[in-house]
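Below is one structure, written out as structure tokens, with a few remarks after it.
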Amino acid sequence: MSKKSLYKQNIIACVWDFDKTLIPGYMQTPLFDAFGIDEKLFWKEVNALPEIYQKKGTRVSSDTIYLNHLISYVKNGILEGLTNAKLRELGQNLEFCPGLPELFPLLQAITKESEAYKKHNIQLEHYIISTGLAEMIRGSKIADYVTDIFGCEFIEAPMPPHFSKQEELMIKLDFEISQIGTIVDNTIKTRYIFEINKGGNKNPSIDVNAYIDKSDRRIPIDRMIYVADGPSDIPCFSVVKNNGGKTYAVFQPENDAEFAQNDALLHAGRIHSYGPADYTANSTTTKWLSMHIRKICDSVVQECESALSKSIQEPPKHLHKNSPDNGIASDSSNSDLELFS
């Protein structure tokens, strides 16, 4: 008897980067605008920090050192009173690329196009994995269309030393972000690919590092499409592409340098294709995504039908005297009892 799989594996995942993929620029812009911060100066300082700290003998992550610099702005009063709630509120101001968020439900509707897709209850889920701020994404207009969001997070009121020994804790009334809770850099993003793959985001008891047979994983990687904007996403492109999934890079239509980067990724074998960050109905990007979602749907149907046919045995037949099968006639009263066993 074959082992029954934990999941039916009829779910497809579109996994999205955020900055310069779903939005034209960087999500921190509304934050800087709200507090009157010079955005160019902030990023200039951030880009200089790795070398400054390196000279002091400290290695830092160039992807996420900006989080520390944001906290420095909070502690020095420039971002005084910045909370997670404020970040979520500012997320409402994010402007998305053309065709979003309308594209998300339109892609999901593809899984209902045919009776075969509906028969096997094929579904499409959207995920966002970003080195940006998860709370801002949660506050944006695209959040309602997304199954899960993975990004950097802050702690507002850290627990004090020896808190476990205290019966009552002092409650800090002036909440503001003061520590980093979760860091997502371009390498850690691959961890969340496997979270989605194994179903750890749906079932917290599943450790992302635990071995799980491929047939027991919630969303096989070959049923994923990863969409991002460029070279910084090479780790995720590699994981998805090398495991049979599809990879697609986008560029801002007016940016020739981004176009050249994507073309280099294609010729280096990192991605399957690329196109403009234009998600309107007739764009090449939307057509490419739609085509490959249908192809994955077709492969799910084929696999399900194949598994079904293998599990169904041919029912017993009445035998006759002239039958080549030993020439033994069957007793119809007994065969009827055995027919549905």
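The values are calculated or read from the model by the stated rules, or taken from the named source; none is laboratory data. Just so it is clear, the model here is predicted, and its values are computed rather than measured. As a convention, Cβ positions derive from the backbone with ideal geometry for all residues, glycine included, and neighbour counts pool all protein chains shown.
Looking at the range 238-255, which of its residues are buried (at least 24 other Cβ atoms within 10 Å of the Cβ) and part of a helix (DSSP H, G or I)?
Scanning the range 238-255 gives a single hit, VAL240.
Can you say whether TYR226 is assigned to a strand (DSSP E or B), within 26 Å of LYS198 (Cβ to Cβ) and not basic (Lys, Arg), as far as the supplied structure shows?
yes
Report, by residue number, each residue of the range 256-292 that is polar (S, T, N, Q) and either under 23 Å from the mean Cα position of the chain (by Cα) or surrounded by 15 or more Cβ atoms within 10 Å (Cβ to Cβ) (or both).
GLN261, ASN262, SER273, THR280, SER283, THR284, THR285, THR286, SER290
Of these, GLU39, GLU89, GLU102, which one is modelled with pLDDT of 95 or more and within 24 Å of PRO231 (Cα to Cα)?
Step by step, each of GLU39, GLU89, GLU102 is checked, and only GLU39 is modelled with pLDDT of 95 or more and within 24 Å of PRO231 (Cα to Cα).
Please state which of the following conditions ASP213 fails to meet, knowing it meets all the rest: (1) over 12 Å from the mean Cα position of the chain (by Cα); (2) at pLDDT 95 or above.
Checking ASP213 against (1) over 12 Å from the mean Cα position of the chain (by Cα); (2) at pLDDT 95 or above, the one that fails is (2).
Quick grid of which residues meet (1) assigned to a loop (DSSP other than H, G, I, E, B); (2) among the basic types (Lys, Arg); (3) over 26 Å from THR187 (Cα atoms):
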position: LEU49; (1), (2), (3): no, no, no
position: TYR66; (1), (2), (3): no, no, no
position: VAL74; (1), (2), (3): no, no, yes
position: LYS86; (1), (2), (3): no, yes, yes
position: GLY91; (1), (2), (3): no, no, no
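Of everything in the range 51-64 that's of a type in the set (D, E, K, R), part of a loop (DSSP other than H, G, I, E, B) and over 22 Å from the mean Cα position of the chain (by Cα), which residue is nearest to GLY139 (Cα to Cα)?
Checked the range 51-64; the qualifying residue nearest to GLY139 (Cα to Cα) is ARG59.
Filter the range 1-17 for residues that are modelled with pLDDT of 80 or more and assigned to a loop (DSSP other than H, G, I, E, B) and give the result.
Listed by number, the residues that qualify are GLN9, ASN10, ASP17.
Within the range 65-119, which residues are surrounded by 18 or more Cβ atoms within 10 Å (Cβ to Cβ), polar (S, T, N, Q) and in contact with a Cys (Cβ under 9 Å, 6 or more places away or on another chain)?
THR111
Has the range 53-64 got any residue that is in contact with a strand residue (DSSP E or B) (Cβ under 9 Å, 6 or more places away or on another chain), surrounded by 15 or more Cβ atoms within 10 Å (Cβ to Cβ), more than 30 Å from ILE221 (Cβ to Cβ) and of a type outside the set (S, T, N, Q)?
Within the range 53-64, none of the residues are in contact with a strand residue (DSSP E or B) (Cβ under 9 Å, 6 or more places away or on another chain), surrounded by 15 or more Cβ atoms within 10 Å (Cβ to Cβ), more than 30 Å from ILE221 (Cβ to Cβ) and of a type outside the set (S, T, N, Q).
Quickly run through the range 194-237 and pick out the residues that are among the β-branched types (Val, Ile, Thr) and over 16 Å from ILE296 (Cβ atoms).
Correct list: ILE206, VAL208, ILE212, ILE234.
Give the range 217-232 a look and list any residue that's in contact with an Asp or Glu (Cβ under 8 Å, 6 or more places away or on another chain) and surrounded by 21 or more Cβ atoms within 10 Å (Cβ to Cβ), or say none.
Across the range 217-232, the qualifying residues are ILE219, TYR226, VAL227, ALA228, ASP229, GLY230.
Does at least one position in the range 10-19 carry a residue that is without any contact (Cβ under 8 Å) to a residue 60 or more places away in the chain and more than 26 Å from ILE234 (Cβ to Cβ)? Before you say what the answer is, go through the steps one by one.
Let us first name the residues in the range 10-19 that are without any contact (Cβ under 8 Å) to a residue 60 or more places away in the chain, namely none.
No - not one qualifying residue is present in the range 10-19.
Scan the range 211-267 for residues that are among the acidic types (Asp, Glu) and under 26 Å from ILE122 (Cα atoms) and jot them down. Before the answer, list the steps.
Going residue by residue through the range 211-267, those that are among the acidic types (Asp, Glu) are 213, 216, 222, 229, 233, 254, 256, 258, 263.
ASP213, ASP216, ASP222 - these are the residues of the range 211-267 that are among the acidic types (Asp, Glu) and under 26 Å from ILE122 (Cα atoms).
Note down all Cβ pairs under 7 Å where the first residue falls in the range 184-200 and is touching a residue at least 40 places away in the same chain (Cβ under 8 Å) and crowded, with 18+ Cβ neighbours inside 10 Å, the second is aromatic (Phe, Trp, Tyr) and not in a loop (DSSP other than H, G, I, E, B), and they're at least six residues apart or on different chains.
Close Cβ pairs satisfying both conditions: VAL184/PHE150; TYR192/PHE150; ILE196/TYR127.
Within the range 18-29, how many residues are outside any strand (DSSP E or B) and buried (at least 20 other Cβ atoms within 10 Å of the Cβ)?
Residues meeting the conditions: 6.
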